[in-house]
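Asker: Below: one structure in structure tokens.
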Amino acid sequence: MTYVFQQLLNALQVGSIYALIALGYTMVYGILTMINFAHGDLFMVGAFFCFFAAIFLNLPFVPVLVISMVGVALLGVVIERCAYKPLRQAPRVSAIITALGVGLFLENFTLALNPYPKQVPQLLANTTWIFHGVSISSIALFIVILSLLLMLMLDLIVRRTMVGMAMRAISWDKAVVPLLGVPVDLIISLTFAIGTSLGGAAGVMYGLAYPVIDPYMGIMVGWKAFISAVVGGIGNIRGAMIGGYILGALEILVVAVMPSTYRDFVAFVLLLILLIFRPYGILGKPHPQKV
Amino acid sequence: MDNNNIIISVENLTVAYGNIKAVDDVSFEVREGEIVTLIGANGAGKSSTLRAISGVTPYSGRICYGGRDLRNIPAHQIVARGMAQVPEGRGIFGNLTVMENLKLATWQRKDRETVAKDYRRVFALFPQLEKRQDQLGGTLSGGEQQMLAVGRALMSRSRMMLLDEPSMGLAPVLVRDIFHTITEINRTGTTILLVEQNAHMALSIASRAYVLETGKIILSGAGKELLDNQRVREAYLG
Ligand SMILES: Nc1ncnc2c1ncn2[C@@H]1O[C@H](COP(=O)(O)OP(=O)(O)OP(=O)(O)O)[C@@H](O)[C@H]1O
Ligand SMILES: [Mg+2]
């Protein structure tokens, strides 16, 4: 029983990171019906911002988090404006190729700056409590709580504010939104800013939990988060959150009962099975076709 | 005629999709306080004309609103200047509640205090909407969606309202209601540019009308006049 609880806590920690990144994929898809394949690499850039802010600026945790989130958000907005916006009317495949290209650029640019893996310094004291035989690390607990807070904030923005309303309206029918006086381009930029900043936050948290970072760390984590978004129903915000935790739980489960090399394989198998039997994911609905 | 109270003037408007000219060198104007209707068959270029005026489709020619050239003014700024459009097919956001649909249209408004008054005005005009304010837009009937679409345009506090086939898909009794509402809105000071295939209803409430055929204006005149016009009767009033 203690073993189960121990694994559950691990699943929550991994799941939180996947969920935060998955939100970025799902928000951009919701508003532009485009997969931002550079998003996993933006998560990586977030971890590197964290590293730089901690090492060179010698800052404590909160400013480091803010710098990473804001930095990645700005980068996300610049990418959207320069790389994706000119392609909005172009065929889907052009945007996908561009996103992959942007991702490769981010990886190789970071590689050029940092040829060797880096160690993120310990930003928060790590205490471990033993509670009925289950060891609870304060970092893991912190990651889960901070992630949930960020997700709660996002949920409030999307559900309660005018900007959130505009985001939802764009995902339903982008053509009508400007007729109500809403600046669509601004909302799209805000969506990128919010979505990528959550990826940046995930990068910082990843650095707390697994301090060794490298320019390719965003690839596999990005895929897992993307699968989470699809599992939850791409375009659906709560779906992405649920999907992240499902993937986290699945991974921990796989490692517990199978050789650990099966972990990524099982995640991709899940994606394939889902695409066959429930392509719209858990919370997603087939969007009514407009004529 | 007095040029000063022209609210919209459209000069040599051409809208092309690839090689096809959907609107071909069209000129007309709307004066303050009028109901002007643009009638024509499917594919005549009516919606393209309205989309050009609202700034959501590229065009050549000149469109002036309140004396200012609208070229290079983004669509959301045009709304801020007091021109709202009720788009073809209503354009209700099915994933937003009725209230959210209305609220989104107040994006450009800075007079937050009078917004509350305008909700009351919309609900007075369409009591059904008040009962359904927390319901999702997608769950409304076609008639209710049309009311919501008009209500939304009212919430942006427009001086000028463009309506694209508001009678589409509605039962005859609802069509009468919606046309009645349009004249009501016009009476409270909003200028109306109405696009319709239902020529009979449109001509009977319009001060002036233009007939559009394959992208060109082939006839124009007072609403009542065109109602009696032989050519219009044959082509549009069956
Ligand atoms: N986005 C588009 N791309 C290509 N062609 C278009 C587009 N929109 C409209 N057209 C074409 O332009 C012409 C005029 O279309 P428009 O929608 O303006 O007509 P309409 O008068 O509003 O017709 P309806 O009464 O059916 O709504 C049509 O031949 C249509 O096929
Ligand atoms: Mg039309």
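Asker: Being within 16 Å of ligand 2 (Cβ to nearest atom) and open to solvent by less than 30 Å² (accessible area, probe 1.4 Å), is that true of even one residue in region B:100-119?
Answerer: No: zero hits.
Asker: Out of the helices (runs of 4 or more DSSP H) lying entirely within region A:208-291, which hold 1 or more residues that are over 25 Å from A:Gly103 (Cα atoms)?
Answerer: Those helices (runs of 4 or more DSSP H) span A:237-257, A:263-277.
Asker: Given (1) within 16 Å of ligand 1 (Cβ to nearest atom); (2) under 20 Å from the mean Cα position of the chain (by Cα), identify the lone condition not met by B:Pro74.
Answerer: Every condition holds for B:Pro74 apart from (1).
Asker: A:Ile157 - would you say it is hydrophobic (A, V, I, L, M, F, W, C), open to solvent by 50 Å² or more (accessible area, probe 1.4 Å), in contact with a helix residue (DSSP H, G or I) (Cβ under 8 Å, 6 or more places away or on another chain) and part of a helix (DSSP H, G or I)?
Answerer: yes
Asker: Hey, another quick one. Got at least one residue in region B:15-38 being open to solvent by less than 50 Å² (accessible area, probe 1.4 Å), facing chain A (nearest Cβ under 8 Å), at negative phi and within 16 Å of ligand 1 (Cβ to nearest atom)?
Answerer: no
Asker: Restricting attention to region A:236-256, does a residue exist that is farther than 30 Å from A:Leu123 by Cβ, open to solvent by 40 Å² or more (accessible area, probe 1.4 Å) and among the β-branched types (Val, Ile, Thr)?
Answerer: Within region A:236-256 (the criterion being farther than 30 Å from A:Leu123 by Cβ, open to solvent by 40 Å² or more (accessible area, probe 1.4 Å) and among the β-branched types (Val, Ile, Thr)), the answer is no, since none of the residues qualifies.
Asker: Please go through region A:103-154 and pick out each residue that is of a type in the set (Ser, Thr, Tyr) and either surrounded by 16 or more Cβ atoms within 10 Å (Cβ to Cβ) or within 30 Å of A:Cys82 (Cβ to Cβ) (or both).
Answerer: Within region A:103-154, A:Thr110, A:Tyr116, A:Ser137, A:Ser147 qualify.
Asker: May I pose another question? Within region B:141-217, considering only strands (runs of 3 or more DSSP E) that don't extend past its boundaries, which have at least 1 residues that are open to solvent by less than 40 Å² (accessible area, probe 1.4 Å) and of a type in the set (Phe, Trp, Tyr)?
Answerer: In region B:141-217, the matching strands (runs of 3 or more DSSP E) lie at B:208-213.
Asker: Moving on to the next point. Filter region A:38-63 down to the residues that are at pLDDT 95 or above and either surrounded by 24 or more Cβ atoms within 10 Å (Cβ to Cβ) or not in a helix (DSSP H, G or I) (or both) and list them by number.
Answerer: A:Ala38, A:His39, A:Gly40, A:Asp41, A:Leu42, A:Phe43, A:Met44, A:Val45, A:Gly46, A:Ala47, A:Phe48, A:Cys50
Asker: In region B:47-63, which residues are out of contact with any helix residue (DSSP H, G or I) (no Cβ under 6 Å at 6 or more places or on another chain), open to solvent by less than 10 Å² (accessible area, probe 1.4 Å) and more than 14 Å from chain A (Cβ to nearest Cβ)?
Answerer: The one that is out of contact with any helix residue (DSSP H, G or I) (no Cβ under 6 Å at 6 or more places or on another chain), open to solvent by less than 10 Å² (accessible area, probe 1.4 Å) and more than 14 Å from chain A (Cβ to nearest Cβ): B:Thr49.
Asker: Could I ask something else about it? Of the numbered conditions (1) under 20 Å from the mean Cα position of the chain (by Cα); (2) open to solvent by 10 Å² or more (accessible area, probe 1.4 Å); (3) over 18 Å from A:Thr191 (Cβ atoms), A:Gly30 satisfies every one except a single condition; which is it?
Answerer: Every listed condition holds for A:Gly30 apart from (3).
Asker: Could you list, in sequence order, the residues of region A:58-76 that are over 17 Å from A:Phe37 (Cβ atoms) and touching a helix residue (DSSP H, G or I) at 6+ places or on another chain (Cβ under 8 Å)?
Answerer: A:Leu59, A:Pro63, A:Val64, A:Leu65, A:Ile67, A:Ser68, A:Met69, A:Val70, A:Gly71, A:Ala73, A:Leu74
Asker: Just checking, does region B:170-189 include any residue being within 16 Å of ligand 2 (Cβ to nearest atom) and more than 14 Å from every other protein chain (Cβ to nearest Cβ)?
Answerer: Yes, region B:170-189 has at least one match.
Asker: Return the residues of region B:83-99 that are more than 7 Å from chain A (Cβ to nearest Cβ), over 12 Å from B:Gln145 (Cβ atoms) and open to solvent by 10 Å² or more (accessible area, probe 1.4 Å); say none if nothing qualifies.
Answerer: Passing the criteria: B:Glu88, B:Thr97, B:Met99.
Asker: Does B:Tyr17 satisfy the criteria of being more than 16 Å from the chain's Cα centre (by Cα) and within 29 Å of B:Gly223 (Cβ to Cβ)?
Answerer: Judged against the criteria, B:Tyr17 is not a match.
The values are calculated or read from the model by the stated rules, or taken from the named source; none is laboratory data. The structure presented is a predicted model; accordingly, all values stated were derived computationally and were not measured. Cβ sites come from the backbone with ideal geometry, for glycine too, and all protein chains shown count toward neighbours. What goes into the accessible areas is simple: the full protein's heavy atoms, side chains included, and nothing from ligands, DNA or RNA. Shrake-Rupley method; radii C 1.70, N 1.55, O 1.52, S 1.80 Å.
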